[in-house]
Amino acid sequence: MYPVKEKIIEVLSHLPDGVKLVAVSKYHPAEYINEAYSVGQRIFGESHVQELRQKVEVLPQDIEWHFIGHLQTNKVKYIAPYIHTIESVDSEKLIAEINKHAFKCGRTINVLLELHLAKEETKSGLTPGEWIALLDGGLKERYENVHICGLMMMASNTDDEQQIESEFEQASDCFDTIKRRFFADNDYFCERSWGMSGDYPLAIKHRSTMVRIGTLIFGPRVY
Ligand SMILES: *Cc1c(COP(=O)(O)O)cnc(C)c1O
């Protein structure tokens with residue numbers, strides 16, 4: 001078995017105070033999650049609804065589950081009863097659906113707005129201008145059972161560190177702009193979710209508050 005406990009302790013030792021770790025457990029079995037849980041990890045990230053549903057059934061109740069993959073509107077209902085944060089929100093339609101099911105469950109669901117800044121067209125999310133236009137149009141006021149807690153982004157998958165840093169810096173600037181214009185008096189909007197196994201030190205340099213790390217903790221994805 002992969003040395004999950006040692007790996008997670010090592011990753012945690014590199015994170016400054018105030019930076020949360022989302023342990024990305026997609027494609028790894030529940031036993032691996034239990035190993036990380038046994039050394040105190042509580043926040044786990046998954047990107048497939050079916051896989052998440054299976055894990056939730058067999059794992060401890062006090063895990064804080066974050067959804068980090070592309071989420072289809074017709075699947076929101078399956079995770080609405082327990083999901084803590086949906087980090088990968090990329091349309092108003094999805095926010096409306098999350099709100100509807102959160103209301104039905106009598107709860108509030110946290111979301112992060114996914115920013116598209118990377119060069120790759122394959123990455124999802126909306127541009128800063130698109131989010132600002134939606135917020136200008138009242139996005140924040142319309143959905144009472146959704147808390148918009150910040151921004152999430154993935155940098156380009158490249159060896160060019162300058163490119164990666166420039167994308168994190170743009171995300172950080174965008175956070176400040178949106179915070180100032182729309183959430184100045186709101187305590188929820190405080191998270192900057194950027195940084196993965198390959199680039200998290202650069203993300204922290206550019207004010208990440210939440211890193212999403214899979215491979216460094218759990219090893220190569222197995223299934
Ligand atoms: C898989 C995934 C990660 C973790 O990637 P690693 O390189 O394994 O650390 C982080 N964020 C998102 C959105 C992912 O899909």
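The values are calculated or read from the model by the stated rules, or taken from the named source; none is laboratory data. Just so we're clear, the structure is a prediction, and the values are computed from it rather than from any experiment. Here the Cβ positions follow ideal geometry from the backbone for every residue, glycine too, while neighbour counts run over all protein chains shown. Ligands, DNA and RNA are excluded from the accessible area calculation, which covers all protein heavy atoms including side chains. Shrake-Rupley method; radii C 1.70, N 1.55, O 1.52, S 1.80 Å.
See the values below:
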{"read-out": "Mean-position separation - Cα centroids, the stretch 182-223 and the stretch 34-72, in angstrom", "value": "16"}
{"read-out": "Size of charge dipole - the stretch 20-63 - debye, nearest 20, with Cβ of Lys, Arg +1 and Asp, Glu -1, no other charges", "value": "160"}
{"read-out": "Residue with peak Gaussian network fluctuation, the chain [Cα springs, cutoff 10 Å], from ILE63, ILE213, ILE86", "value": "ILE63"}
{"read-out": "Most mobile listed residue (THR73, THR209, THR108) in the chain, GNM with C-alpha springs under 10 Å", "value": "THR73"}
{"read-out": "Helical mean residue ellipticity (222 nm; -39500 (n - 2.57) per DSSP H run of 4+; nearest 500) of the chain", "value": "-11500 deg cm²/dmol"}
{"read-out": "Surface per residue (accessible, 1.4 Å probe) for the chain, Å²", "value": "48"}
{"read-out": "Dipole of the chain, positive direction: furthest Cα of ILE132, TRP65, PHE168, with charges on the beta-carbon", "value": "TRP65"}
{"read-out": "Those trypsin sites (Lys or Arg not before Pro) in the stretch 30-68 that DSSP places in a loop and that have at most 15 other beta carbons within 10 Å", "value": "ARG42"}
{"read-out": "Charged-residue dipole, Cβ positions (Lys, Arg, Asp, Glu), the stretch 1-77 about Cα centre, Debye nearest 20", "value": "300"}
{"read-out": "Computed over the stretch 61-187: relative contact order in percent, which uses C-alpha pairs under 8 Å that are six or more apart", "value": "22"}
{"read-out": "Spatially close lysines, pair count over the stretch 29-157: Cα under 18 Å, gap of eight or more or interchain", "value": "11"}
{"read-out": "Percent accessible area from carbon and sulfur atoms, the stretch 16-66, protein chains only, probe 1.4 Å", "value": "44"}
